[in-house]
Amino acid sequence: MRTHRCGELTAADAGSSVTLCGWVHTRRDHGGVTFIDLRDRSGLVQVVFSPEISLAAHAAAEELRGEFCVQVQGSVAARRSGTVNPRLATGEVEVAAHELTVFSRAETPPFQVDGHGEIEETLRLRYRYLDLRREHMRDNMLLRHKIISAIRRFFDAEGFVEIETPMLTRSTPEGARDYLVPSRVHPGDFYALPQSPQLFKQLFMVSGLDRYYQIVKCFRDEDLRADRQPEFTQLDMEMSFVDIADVLDVTERMFKFVWREALGVALDDFVRMTYGESMERFGVDKPDTRFGMELTDLGDVFAGTEARVFRAALDDGGAVKCVTLAGRADMGRKDLDALVDEAKSLGAGGLVWAGVTAEGIRSPVDKFFSDDERAGLVKVAGAEEGDLILIVADGDPGVVYKVLGALRNRLADRHGLIPERAKSDPEAWKFVWITDFPWFEYNEAEGRWDPIHHPFTGVVEATKDYLETDPGRVVSKAYDITLNGWELASGSIRIHDRVMQERVLSALGISDEEAQARFGFLLNAFRYGAPPHGGIAPGIDRIVALAAGESNIREVIAFPKTQSATDPLTGAPAPVDDAQLKLLHLRSTAPAPPEN
RNA sequence: GCCCCAGUGGAGCAGUCAGGAGUGCUCAUCUCCCUGUCAAGGAGAAGGCCGCCAGUUCAAAUCUGGUCUGGGGCGCCA
């Protein structure tokens with residue numbers, strides 16, 4: 001039905017006869033001559049309908065309107081001098097139309113496909129098929145394909161095999177909430193949709209498949225965020241006979257390959273940072289290193305302080321830390337109060353601000369500082385005249401990290417501290433490996449130690465004997481990749497030794513019976529010669545979002561869910577017939593919807 | 001579960017702080033004019049439950065309370 005794509009015509013095609021199919025992007029009717037921009041996936045080209053070329057085609061073009069789906073047969077012509085459009089890739093040529101076929105007329109769309117501004121997202125999602133016609137979304141979908149295609153080419157070349165794992169599997173109570181699927185055949189029993197293929201890929205290693213990857217949907221029934229959807233796509237990967245360095249090497253080369261193929265960028269080597277260093281410097285385990293404003297510890301400065309909040313925090317074994325916002329010492333009282341409220345809403349008891357001015361420190365608590373403390377604060381914080389120092393003190397160092405880490409990111413955004421860089425600039429992409437995570441974190445609510453990664457994560461040899469004595473000091477063989485402040489991937493070297501696995505489960509307070517019931521199939525598999533193995537699982541949606549310059553993964557997912565996990569296009573989730581429920585041995589306890 | 005922001009012809013906005021007739025802008029739609037435009041131009045027209053419910057008031061898009069929807073965040077996300 002067509003010989004060329006619209007966006008691919010160039011001056012070299014001048015004189016050739018072409019047939020194009022696409023949608024009417026815009027129409028400019030001059031009465032005697034009519035222009036349309038014809039659009040397909042590849043882009044736009046101008047089509048001219050003139051009575052001097054074809055009376056019939058010109059007459060037929062009269063009825064054309066935006067988004068009509070048409071076929072045009074015509075000849076490519078170099079544009080007359082002075083009518084070249086440098087803003088269009090095909091702007092040096094136009095197609096003189098000899099014949100026009102209208103495949104489908106179109107109603108006036110609910111929003112303009114050729115529009116430039118923002119459109120309310122619910123409307124875009126309800127008419128996603130129209131939204132995807134827009135250049136921006138089309139580019140995002142094509143970039144997503146390019147990235148996924150590059151990933152597959154890389155792993156194929158490295159000797160990995162792509163194998164699918166089940167979507168209907170067994171619920172494991174730890175971790176995120178599962179999406180459940182009722183069994184018709186087994187009354188009262190449920191499958192769960194996978195949160196990740198974690199256990200299956202480890203079984204592949206026991207099977208000797210050696211190098212596995214899969215681009216796979218995963219499901220977690222938790223509340224949504226800009227970077228979280230209930231169903232999302234992972235690049236799941238696992239390798240045998242490897243240690244940390246091997247997985248990091250393959251993964252880093254994979255990202256470099258993808259960035260080169262999809263964006264044409266030669267990435268620098270990734271920075272490596274321990275979890276401890278990331279927390280100390282940035283307050284978070286996914287540092288955005290595109291800007292400074294790092295955290296500074298003020299414990300030494302205020303070691304002997306009389307200022308009550310600092311004294312109390314330090315005496316409780318907590319921390320006093322700060323970030324310095326350059327050039328904002330003159331911030332107004334209203335904005336400062338808002339910052340204090342923001343810190344409180346993040347969990348801090350308060351926020352102490354201190355402006356460095358020619359007259360000295362401008363701060364509500366200045367009167368509690370000694371001269372040494374004033375001088376020490378400015379010096380240690382590295383502040384200069386005109387800077388604003390923001391201090392958080394808390395008996396729990398975790399609160400200090402969390403509040404300052406969040407404020408650092410938010411203030412950088414608000415005050416434009418992140419340099420604008422072209423995508424082609426390697427400096428635009430700050431990949432950081434985070435390593436040496438603690439194995440456990442203490443769960444206050446439940447009064448027990450929980451895994452930071454998952455129960456099959458390897459233990460750094462030198463710290464394994466803390467398992468029984470001081471779990472907080474056990475270091476895991478887990479690693480993350482972060483990019484510009486986003487967590488892109490998590491992985492680990494796994495435990496392949498049954499004895500070590502039992503020690504870890506015991507430290508988690510999981511009994512043998514419980515372990516057997518939950519994931520006995522994996523533990524049993526390990527009885528038959530489990531190789532040393534490990535892997536990683538980058539999030540595809542986040543990778544594409546960052547590569548596309550989006551701050552929201554919905555922009556790179558064809559049919560995403562709203563924040564309340566609904567789909568305005570299909571209306572999912574929706575009620576089902578009682579008959580369907582009955583077949584599945586289910587009865588709803590939800591309150592009946594109000595009758596209208 | 002909690003905090004914050006938004007909701008005004010089909011789309012995007014202004015108007016809301018400081019109450020006074022659905023008041024305005026850009027685009028789209030419809031009719032007419034127009035043979036070189038390209039976000040075409042000109043003339044005209046149509047199009048509204050100011051998200052919804054209540055309250056205050058002589059009077060509510062505007063003030064108050066509630067509610068719904070969307071978005072950002074906290075909790076949650078091994």
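Coordinate-derived values only; no laboratory data. On a predicted model such as this, the values are computed, not experimentally measured, just so you know. Glycine gets a Cβ as well: all are built from the backbone with ideal geometry, and neighbour counts include every protein chain shown.
Contact order normalised by length for chain A, with contacts defined as Cα pairs under 8 Å and 6 or more residues apart; what percent is it?
13 percent
List the residues whose amide H sits under 5 Å from the amide H of A:T357, counting only those 5 or more places along or on another chain, with H placed 1.01 Å from N in the peptide plane.
Excluding prolines and chain starts, which carry no amide H, the hits are A:R362, A:G386.
At what distance in angstrom do the alpha carbon centres of region A:229-271 and region A:417-438 lie from each other?
Using only Cα atoms to place each centre, the spacing works out to 14 Å.
Compare the Cα positions of A:I495, A:Y401, A:A89 along the charge dipole of chain A (+1 at Cβ of Lys, Arg; -1 at Cβ of Asp, Glu; about the Cα centre) and return the one farthest towards the positive end.
So the residue furthest toward the plus end is A:A89.
In Å, what Rg and Dmax follow from the Cα atoms of chain A?
29.9, 93
Which shape class, rounded, prolate or oblate, goes with region A:229-272 when its Cα gyration tensor gives a ≥ b ≥ c as root eigenvalues, a/c under 1.5 marks rounded, and past that a/b bigger than b/c marks prolate?
The shape class here is oblate.
Quick one: if the Förster radius is 30 Å, what FRET efficiency do A:Y129 and A:R260 give, using the C-beta to C-beta distance and rounding to 0.05?
Plugging the Cβ-Cβ distance into 1/(1 + (r/R0)^6) gives 0.40.
Show me A:163-174, A:233-244, A:268-279 ranked by packing, highest mean number of other Cβ atoms within 10 Å first.
Ranking the peptides A:163-174, A:233-244, A:268-279 by packing returns A:233-244, A:268-279, A:163-174.
Classify region A:311-465 as rounded, prolate or oblate, taking a ≥ b ≥ c as the square roots of the eigenvalues of its Cα gyration tensor: rounded when a/c is under 1.5, otherwise prolate if a/b is larger than b/c and oblate if not.
oblate
Mind checking Rg over Rh on region A:165-236, alpha carbons, Kirkwood formula for Rh?
A ratio of 1.01.
Could you sort A:287-293, A:204-210 so that the peptide with the highest average Cβ count within 10 Å comes first and the rest follow in order?
Ranked from most to least packed, the peptides come out as A:287-293, A:204-210.
Divide, for region A:14-65, the radius of gyration over alpha carbons by 2.2 N^0.38 Å, where N is the residue count.
So region A:14-65 has a normalised radius of gyration of 1.12.
Ignoring everything except DSSP H segments at least 4 long, calculate the 222 nm mean residue ellipticity for chain A; use -39,500 (n - 2.57) per segment, divide by total residues, nearest 500.
Dividing the helical sum by the residues of chain A leaves -8500 deg cm²/dmol.
Rounding to the nearest 10 and keeping the result within 0 to 90°, find how far the Cα-based axis of helix A:135-157 lies from the longest principal axis of chain A.
For helix A:135-157, the angle is close to 60 degrees.
Less than 14 Å Cβ to Cβ from A:F282, Lys/Arg counted +1 and Asp/Glu -1: what total charge do the surrounding residues give?
Here the count lands on 0.
Which whole-angstrom value gives the distance between the alpha carbon centres of region A:98-119 and region A:48-65?
The distance from the Cα centre of region A:98-119 to that of region A:48-65 comes to 18 Å.
Determine the alpha carbon to alpha carbon distance for each of A:K344/A:K402; A:K423/A:K477; A:K402/A:K477 and list only those over 22 Å.
In this structure, A:K423/A:K477; A:K402/A:K477 exceed 22 Å between Cα atoms.
Enumerate the calculated ³J(HN,Hα) couplings along region A:546-553 in order (Karplus 6.51 cos²θ - 1.76 cosθ + 1.60, θ = phi - 60°), each rounded to whole Hz, writing x wherever the residue is Gly or Pro.
Going residue by residue, I get 5, 4, 8, x, 8, 9, 8, 6 Hz, with x marking Gly and Pro.
Ranked highest first by the average count of other Cβ atoms within 10 Å around their residues, in what order do A:333-341, A:317-325, A:574-582, A:32-40 fall?
A:317-325, A:32-40, A:333-341, A:574-582
Under 5 Å between amide hydrogens, which residues at least 5 positions from A:V320 or on another chain qualify, with H placed 1.01 Å from N in the peptide plane?
It is A:L298, A:G299, by chain and number.
Go through region A:385-397 residue by residue and turn each phi into a ³J(HN,Hα) via Karplus (6.51, -1.76, 1.60, θ = phi - 60°); whole Hz please, and just put x for glycine and proline.
For region A:385-397, the Karplus curve yields 4, x, 8, 10, 9, 10, 10, 10, 10, 7, x, 10, x Hz.
Considering the dipole of region A:136-194 built from charges on the beta carbon (Lys and Arg +1, Asp and Glu -1) around the Cα centre, which of A:H186, A:G175, A:M141 is farthest to its positive end?
A:M141
So what's the angle, to the nearest 10 degrees on a 0 to 90 scale, between helix A:333-345 and the longest Cα principal axis of chain A?
On a 0 to 90 degree scale, this one is about 70.
Give the calculated FRET efficiency between A:A462 and A:A59 to the nearest 0.05, with a Förster radius of 60 Å applied to their Cβ-Cβ distance.
Efficiency, rounded to the nearest 0.05: 0.10.
What are the ³J(HN,Hα) couplings of region A:505-511, residue after residue, when phi is run through the Karplus curve with 6.51, -1.76, 1.60 and θ = phi - 60°? Round to Hz, x for glycine and proline.
Residue by residue, region A:505-511 yields 4, 5, 5, 7, x, 9, 6 Hz.
Mind sorting A:S490, A:S17 by how few other Cβ atoms lie within 10 Å of their own Cβ, fewest first?
A:S17, A:S490
Using only Cα atoms, find the angle between the long axis of helix A:512-525 and the longest principal axis of chain A, and express it within 0 to 90 degrees, rounded to the nearest 10.
50 degrees
Can you list the residues, at least 5 places off or on another chain, whose amide H is less than 5 Å from the amide H of A:R494, using H built in the peptide plane?
Distant-sequence amide H within range of A:R494: A:G458, A:H533, A:G534, A:G535.
Taking square-rooted eigenvalues a ≥ b ≥ c of the alpha carbon gyration tensor, is region A:413-505 rounded, prolate or oblate, where a/c under 1.5 means rounded and, failing that, a/b exceeding b/c means prolate?
Note, shape of region A:413-505 comes out prolate.
In nm, to one decimal, how far is the modelled label at A:D330 from the one at A:N85, with both set 7 Å along Cα→Cβ?
4.7 nm
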